[in-house]
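Here the structure is laid out as structure tokens; the discussion comes afterwards.
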Amino acid sequence: MTRSSWRTAVGVLLTGVMLFPVYWMVNVSLTPPGELRKSPPDLVPTNPTFDGYARVLDEQLPYFGTSLLVALGTVALTLALAAPAAYSLAKLRPRGRRPLTFVLLVAQMIPGIIMALGLYGIYVELGITNTVWGLVFADSTIAVPFAVLILTSFMSSVPDEVVQAARIDGAGAWRTFRSVVLPASRNGVVTAGLFAFLWAWSDFVFAATLDSGGSMQPLTLGIYRYIGNNNQEWNAIMATAVVASVPATALLVLAQRFVAAGITSGAVKD
Amino acid sequence: MTRPPFSRRLTLALVAAGLCLTACSSAGDAGGDPAGPFAVWDPYPQFDGTSEWVKVIERCGAEAGVRVERQAYDTSDLTNKVLLAAQQGVAPNVLVVDNPVVSTLAEGGVLKANEDVGLDASAASPNLLAAGEVAGKAYGVPIGANTLALYYNKAVLAQAGVDPASLTDWASLDAALAKVVAAGKKGITFSAIGTEEGSFQFLPWFWGAGAELTDLASPRAVAAVELWKSWLDRRYAPNSVIGNTQTTSWQEFATGEYAFAENGTWQLGNAGELGFEYGVIPIPSRDGGVAPAPTGGEFVTVPVQGSADREATAAKIAGCLTGADTVLATDTALTYVSAIGSVREQQVAAKPELAVWVDAVQAAKGRTGDGLGTRYPRISQPLWTAVQEVLTGSKPASGALADAQRAAASAK
Amino acid sequence: MARRTLVGWAFLAPLVAYLLLCYGYPLLTTIDLSVRDYTVRTFVHGGAPVVGLANYTAVFADPVFRTALLNTLVFTAASLVFQYTTGLALAVFFSRHFRLSATLRALFLVPWLLPLIVSASTWAWMFNSEAGVVNAALAWFGLDAVHWLTSPDWALVSVIAANVWIGIPFNLVVLYSGLRNIPAEVHEASALDGASAWQSFRHVTFPMLRPVSAVTLLLGLVYTLKVFDLVWIMTRGGPGGASTTLATWSYELGFGSMLPRFGPSAAVGNVLILLAVVAGLVYVRVQRHQEAS
């Protein structure tokens, strides 16, 4: 057994342990209602039911599209706001920037429901409740402070010499940012984008407050069709979660391939 | 950047498409617009546009001569959503809302009283209407009601030699549980979770012992908590009841292992799919007879909308939604017992097994009744906390309830 | 210098405008809520009287406050320690390329894709004292069942376990990206010097990872302090208040019963914000120290 395949074996094992709750969710999605609380539980669904999946494919597809749009829109907006700001904080370091870090932290601490409460008033005034881009804007509030902080710490680790070399070559601040610092912090950009996507994908509070009417609702609200007043259809709820995580997982696997090593040295050669 | 330009262009295109799509489909939020359609909000997200309920709403709108736009919210979200919308002056025109919330909204000046908009609630039973009465005025009309009773598994009881007809007081129920457990089956499951659901499930035992919500520390109240505690101690009930919602509790009953489950009218639809034969008996009170159970179910109400005309039209829609000739279909879809006597008779005629539920609803009382109104939430929270403390063994029944009474009395 | 400041602020301008627009109003709302005596009527129609710090003193005097504060500290500290160490160990493990490494790493993120109501419910399911898979496993080893969510001794432990699980992907991804950003030459140099893997990690990798570690822990702290839906779904802060944190208490006061108490709810929320500000102060000091050295 080579060293690398030994690592693969351990990796698969660790992933298995980590994903056991996800497996359990799949298991529940296939368990007929009468056996949900069987004691002891069945480790594999012995007589699986596919009712949950049939309902999901029948009823939930439009919600997927909305969620995807909202999540991608949030990624774009978050990066557009956070990357230039992080560049400034990390490399230009203008006077008076320190309080900003604070503001960003405090901003993160405002409970989602209070944010939603505040935004709701503004949204009603502007008439942008129940729109995708209204939700994109709201969801970005979860991700922007995070993205600024994380990108700042990544851009800080780009050596100052590299930035100065670009300057000497006659590049302005904007060109230095676009062609040197941004590519050198690609890992940070992917990370920030990834989390912006994930937050937007799983957001419920904003969706419930700002986008719960109309025809463009995200998946987290779609699930609520199965959570009635006194009654919850767990097959369908879990099946929705399973189906929802498939395209998103594919996206994650794809994004992870962009996290690369040795970027800093690569950028110098460019 | 080594990111392929293609994926970037694709992202941009997708986002742009999204922006355009939504710009074109953006819908108005609610009933603020004086000329706009009438907004109807309800807590029934399980019903989509093709359901009978939505057709009823549209028919009632057409009868009142206006266009209606219906929106469904998760029930726990609806109250917040209504408060926010009312604050912004965009409350819906017709609101269907859980009955114990009605007094809160009415006292907050969100709802119009029935007499002020010409909404007639006289057909509904007085014990159900009580939940919507604040300071002598009635708000809204119940669309139907549900309540709690004991479901039992016929095979389990037969195997243990228990006759369900004999279960008329706590002593006979206790004896039946002993027999069931001795026969190797599980006793009873219910929900004692630390939320309103827990109080809802506890109240039939609390009221059935003769206790009153105005005195949580009475010996009768102590007896009710001790009944539940003794079931846990003797393994008649599983420890999981402390965290059970009513749904979880139903799932436990659905395994076929349990003799009894305390659950509501709304489970009748699922009960048909149990895979074993079940029966229903009313919850017995301590010394015999049917214990009063709390009523559940929603009220159709008319929120304040700043225009007497629109409020009157909204009242017409609300009256139509709860009228004797339309409400039968709605109550059947929701598996509710109707609030109107004549409709209840039709329901029992069509489905005789509903009779026990009709009796239970007639014996039931509203949580916010007895003049408690918005004091009820202040009492309910210490009550469910005390029940949990006793069941986990962290406090004795008398001490926990004395603390609860103190908390309830001092709460504003 | 002045020009650089100008250019610097030009890059910051969109963010500053955004912050004012999106956070200014909500922040004012929560402060305003916490210094007024709101009822449902005054919430809807306005005119709630200003009561100064009365909501705060009421909250501090409430016996729940002590429990909630203590639970919050335990919950946050335990979650951070386990999330960070597990995340770092996994990041180091995955930093070597091996077959399937990128795919497995991505799979670690799947927990994040699940709506919280689903993942929290799944954990509650697994921890169920009657029909949960955890107790079934204990029984298989001949051990007694534990009342994971329904015993006051275990409820907090159980929600911490679930929260650590949810937090691992975040720590893994950020720390992994940080590790990958350390130039390969550094590792090569220390390997040439004959350093063992552990020495190289302790003296080279770990110090170079410090800025990313600091920001990971700081953000982890901020997110953990405000975790509420997970606890709420799994235990409702119970049984009997045993797993109540400041965040769940704030929610419970504001939205947990049928009669909302916005003032005290916002006051508890602001106590949380204060805790985060203290953490931020520590962070800025550490950062200044690093920039100086």
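The values are calculated or read from the model by the stated rules, or taken from the named source; none is laboratory data. Everything quoted here is computed from the prediction, not taken from an experiment. When we count neighbours, we look across all protein chains shown, and the Cβ atoms used for this are built from the backbone with ideal geometry, even at glycine.
With assigned to a helix (DSSP H, G or I) and buried (at least 19 other Cβ atoms within 10 Å of the Cβ) as the only criterion, which of B:A221, B:A237, B:A261 stands out?
Exactly one residue qualifies, and that residue is B:A221.
Please go through the range A:219-235 and pick out each residue that is facing chain B (nearest Cβ under 7 Å) and either in a strand (DSSP E or B) or modelled with pLDDT of 80 or more (or both).
Taking the range A:219-235 first, the residues facing chain B (nearest Cβ under 7 Å) are A:224-225, A:227-232.
Scanning the range A:219-235 gives A:I227, A:Q232.
State which residue is farthest from the chain's Cα centre (by Cα) when the search covers only the range B:290-317 and only residues that are within 16 Å of B:A106 (Cα to Cα) and part of a helix (DSSP H, G or I). Reasoning before the result, please.
First, the residues of the range B:290-317 that are within 16 Å of B:A106 (Cα to Cα): B:298-306, B:311, B:315.
Now narrow it down to the ones that are part of a helix (DSSP H, G or I): B:311, B:315.
Details: B:E311: 26, B:A315: 23 Å.
Applying the filter and picking the extreme gives B:E311.
Hey, could you check the range C:146-173 for residues that are more than 8 Å from every other protein chain (Cβ to nearest Cβ) and not in a helix (DSSP H, G or I) and say which is nearest to A:T15 (Cα to Cα)?
My answer is C:W148.
Any residue at all in the range B:386-407 that is small (G, A, S), under 21 Å from B:A130 (Cα atoms) and part of a helix (DSSP H, G or I)?
So in the range B:386-407, the residues small (G, A, S) come out as B:386, B:393-394, B:397-400, B:402, B:404, B:407.
Retained after the next criterion (residues that are under 21 Å from B:A130 (Cα atoms)): none.
The answer is no, given that none of the residues of the range B:386-407 is small (G, A, S), under 21 Å from B:A130 (Cα atoms) and part of a helix (DSSP H, G or I).
Filter the strands (runs of 3 or more DSSP E) completely within the range B:74-189 down to those with at least 3 residues that are away from chain C (no Cβ under 12 Å).
B:94-98, B:148-153
For C:P183, are the conditions met, namely being within 14 Å of chain B (Cβ to nearest Cβ) and either surrounded by fewer than 23 Cβ atoms within 10 Å (Cβ to Cβ) or on the phi > 0 side of the Ramachandran plot (or both)?
no
Looking at B:T301, B:T326, B:T322, B:T335 in this structure, which one is within 14 Å of another protein chain (Cβ to nearest Cβ) and either on the phi < 0 side of the Ramachandran plot or touching a residue at least 24 places away in the same chain (Cβ under 8 Å) (or both)?
B:T335
Does the range B:210-217 include one or more residues that are closer than 24 Å to B:L401 by Cα and not in a loop (DSSP other than H, G, I, E, B)?
The answer is yes, given that some residue of the range B:210-217 is closer than 24 Å to B:L401 by Cα and not in a loop (DSSP other than H, G, I, E, B).
Out of all the residues in the range B:240-258, which are in contact with a strand residue (DSSP E or B) (Cβ under 7 Å, 6 or more places away or on another chain), touching a residue at least 12 places away in the same chain (Cβ under 8 Å) and not in a loop (DSSP other than H, G, I, E, B)?
B:V241, B:Q246, B:S249, B:W250, B:E252, B:F253, B:Y258
Tell me yes or no: at least one residue of the range A:60-68 is within 11 Å of another protein chain (Cβ to nearest Cβ), under 30 Å from A:G134 (Cβ atoms) and in contact with a Phe, Trp or Tyr (Cβ under 9 Å, 6 or more places away or on another chain).
yes
Out of the range A:130-175, which residues are part of a loop (DSSP other than H, G, I, E, B), more than 10 Å from chain C (Cβ to nearest Cβ) and over 22 Å from the mean Cα position of the chain (by Cα)?
A:D169, A:G170, A:A171
B:Q405 versus (1) over 19 Å from the mean Cα position of the chain (by Cα); (2) within 21 Å of B:Q201 (Cα to Cα); (3) within 11 Å of chain C (Cβ to nearest Cβ): which is the lone unmet condition?
Every condition holds for B:Q405 apart from (3).
Could you please find all residues in the range A:24-59 being more than 10 Å from chain C (Cβ to nearest Cβ) and in a loop (DSSP other than H, G, I, E, B)?
Residues satisfying the conditions are A:T31, A:P32, A:V44, A:P45, A:T46, A:N47, A:P48, A:T49, A:F50.
Does B:A329 satisfy the criteria of being under 20 Å from the mean Cα position of the chain (by Cα), in the same structural domain as B:V68 (by TED's automatic domain parsing), farther than 19 Å from B:A64 by Cα and among the small types (G, A, S)?
It is true that B:A329 is under 20 Å from the mean Cα position of the chain (by Cα), in the same structural domain as B:V68 (by TED's automatic domain parsing), farther than 19 Å from B:A64 by Cα and among the small types (G, A, S).
Among the residues of the range B:224-234, what is the count of those that are in a helix (DSSP H, G or I), surrounded by fewer than 18 Cβ atoms within 10 Å (Cβ to Cβ) and among the basic types (K, R)?
Adding up the residues that qualify gives 0.
C:F228 - would you say it is at pLDDT below 85, farther than 24 Å from A:A86 by Cα and under 16 Å from the mean Cα position of the chain (by Cα)?
yes
Go through (1) touching a Phe, Trp or Tyr at 6+ places or on another chain (Cβ under 6 Å); (2) closer than 30 Å to B:D331 by Cα; (3) modelled with pLDDT of 95 or more; (4) within 14 Å of chain C (Cβ to nearest Cβ) for B:A237 and report which single condition fails.
Just one mismatch for B:A237, condition (2).
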